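Read the structure below first, then the notes.
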Amino acid sequence: MVSHPGSIAENDIVYGTGSGRDLMLDILRPDVPLEPARPLVIWVHGGGWREGDRAATPNPPLVDRGFVTASISYRFSDEAVFPAQVHDVKAAIRFLRANASRWGIDPARIGIWGHSAGGHLAALAATTNSIDTLEGEGGSPDHDSSVQASVPLSPPTDFLVDWFAESAFPPHEIALEAVDDLFGGLDQSTPERIELARAASPVHHTSGDDPPMLVVHGALDDLVPIEQGRALVLAMQAHGVDSSLLELPHDDHGLISVFGDDDIGPDHLEIHDPLTPAMQEIIDFLERTLGPVE
């Protein structure tokens, strides 16, 4: 993670292990005293569950508004198939909660956001707090992995449906290959694949105990069609959860209206100043649900 004016960065912090190696995260926080404790927001990068870099993070504007932030790595599908990815995300949440005082974090106010595959994992972490099989054993197992707010951007949310049959877009081979890799190449009709697909689908885990959520999705997204975002919001609203969809009518998967640049990928993400209205809406949501921020 690059340095940012008025902030303190701590990189390559080991939060757990997976597949015989260290799992790491980076911290970026305001250069202020550790008290009073501040809310934490965790970034989960995208890349189809098979590539990406935690250093490509949009967290700096949140630090400017007083949040402590983290950006985490997780195992890719060529190293371990699902549910390893969500196990790692939850391990990071537990680790950060267990070590909250080290970085001036309020452990009762943790949010999570991410783009694409990272958006999926951010949504899944928010909707599966009570499911033991998705917890894993990494991080700090004596702490819980709950989050108090979630902002999934361009997220896959239901792996039991044909994304493209219900959209205006033809099947996208990159998306289909990434999903197959996530589930270890299992045939879609096998009971094992169906069980994994259901477990990986935030839509099928929603309940009245879920935290507030803002889903951000581009109407022109041909990689993960916007129907995926809409389905999650509708499922949460059916349980009375504070949830809404920020639908961006001119955006594709890269969300130029959020990041202010069409050069977004698993290894590059640059936030422009001034912030876009969509990014401002995201920050306002996090302040509303996790605040106050000094």
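Here are some notes:
- Criterion violated by Ala123 - all others in (1) within 26 Å of Asp158 (Cα to Cα); (2) surrounded by fewer than 18 Cβ atoms within 10 Å (Cβ to Cβ); (3) of a type in the set (A, V, I, L, M, F, W, C); (4) in contact with a Ser or Thr (Cβ under 9 Å, 6 or more places away or on another chain) satisfied: (2)
- Per the conditions (1) over 13 Å from Tyr15 (Cβ atoms); (2) in contact with an Asp or Glu (Cβ under 7 Å, 6 or more places away or on another chain), the sole criterion not satisfied by Trp113 is (2).
- Single condition Ala91 does not satisfy, out of (1) in contact with a strand residue (DSSP E or B) (Cβ under 9 Å, 6 or more places away or on another chain); (2) among the hydrophobic types (A, V, I, L, M, F, W, C); (3) surrounded by fewer than 19 Cβ atoms within 10 Å (Cβ to Cβ): (3)
- Residues located in the range 161-175, provided they are closer than 22 Å to Ala122 by Cβ, among the hydrophobic types (A, V, I, L, M, F, W, C) and surrounded by 13 or more Cβ atoms within 10 Å (Cβ to Cβ): Val161, Trp163, Ala175
- Residue within the range 153-171 that is at pLDDT below 95 and polar (S, T, N, Q) present: yes
- In the range 275-294, the residues that are assigned to a loop (DSSP other than H, G, I, E, B), in contact (Cβ under 8 Å) with a residue 40 or more places away in the chain and either closer than 20 Å to His217 by Cβ or within 18 Å of the chain's Cα centre (by Cα) (or both): Leu275
- When Ala56 is tested against the conditions (1) among the small types (Gly, Ala, Ser); (2) crowded, with 24+ Cβ neighbours inside 10 Å; (3) under 25 Å from Ser7 (Cα atoms), the lone failure is (2).
- Residue match in the range 198-221 (condition: hydroxyl-bearing (Ser, Thr, Tyr), touching a helix residue (DSSP H, G or I) at 6+ places or on another chain (Cβ under 7 Å), closer than 23 Å to Thr289 by Cβ and at pLDDT 95 or above): yes
- Among residues of the range 16-40 being within 13 Å of Ala55 (Cα to Cα) and of a type outside the set (Asp, Glu), the one that is surrounded by the fewest Cβ atoms within 10 Å (Cβ to Cβ) is Met24.
- Unique match (being of a type outside the set (Gly, Ala, Ser) and farther than 23 Å from Pro249 by Cβ) among Gln237, Gln188, Gln228: Gln188
- Residue within the range 5-15 that is buried (at least 22 other Cβ atoms within 10 Å of the Cβ), at positive phi, in a loop (DSSP other than H, G, I, E, B) and not charged (D, E, K, R) present: no
- Checking Phe67, Phe82 one by one, the residue that is touching a residue at least 12 places away in the same chain (Cβ under 8 Å) and either closer than 18 Å to Val151 by Cα or surrounded by fewer than 16 Cβ atoms within 10 Å (Cβ to Cβ) (or both) is Phe67 and no other.
- Per the listing Ser145, Ser140, the residue uniquely of a type outside the set (A, V, I, L, M, F, W, C) and crowded, with 24+ Cβ neighbours inside 10 Å is Ser145.
- Of all the listed residues (Ser71, Ser19), the sole one being under 23 Å from Leu134 (Cβ atoms), touching a strand residue (DSSP E or B) at 6+ places or on another chain (Cβ under 7 Å) and among the polar types (S, T, N, Q) is Ser71.
- Among the residues making up the range 189-232, those that are among the polar types (S, T, N, Q) and assigned to a loop (DSSP other than H, G, I, E, B) are Ser189, Thr190, Ser201, Thr206, Ser207.
- Selection status of Ala235, of a type in the set (Gly, Ala, Ser), more than 25 Å from Ser71 (Cβ to Cβ) and either modelled with pLDDT under 95 or part of a helix (DSSP H, G or I) (or both): yes
- Complete set of residues in the range 185-233 that are among the hydroxyl-bearing types (Ser, Thr, Tyr) and either over 28 Å from Glu79 (Cβ atoms) or surrounded by fewer than 16 Cβ atoms within 10 Å (Cβ to Cβ) (or both): Ser189, Thr190, Thr206, Ser207
The values are calculated or read from the model by the stated rules, or taken from the named source; none is laboratory data. Every value quoted in this text rests on a predicted model; they were computed, and no experiment measured them. Here Cβ is always computed from backbone atoms with ideal geometry, including for glycine, and neighbour counts include all displayed protein chains.
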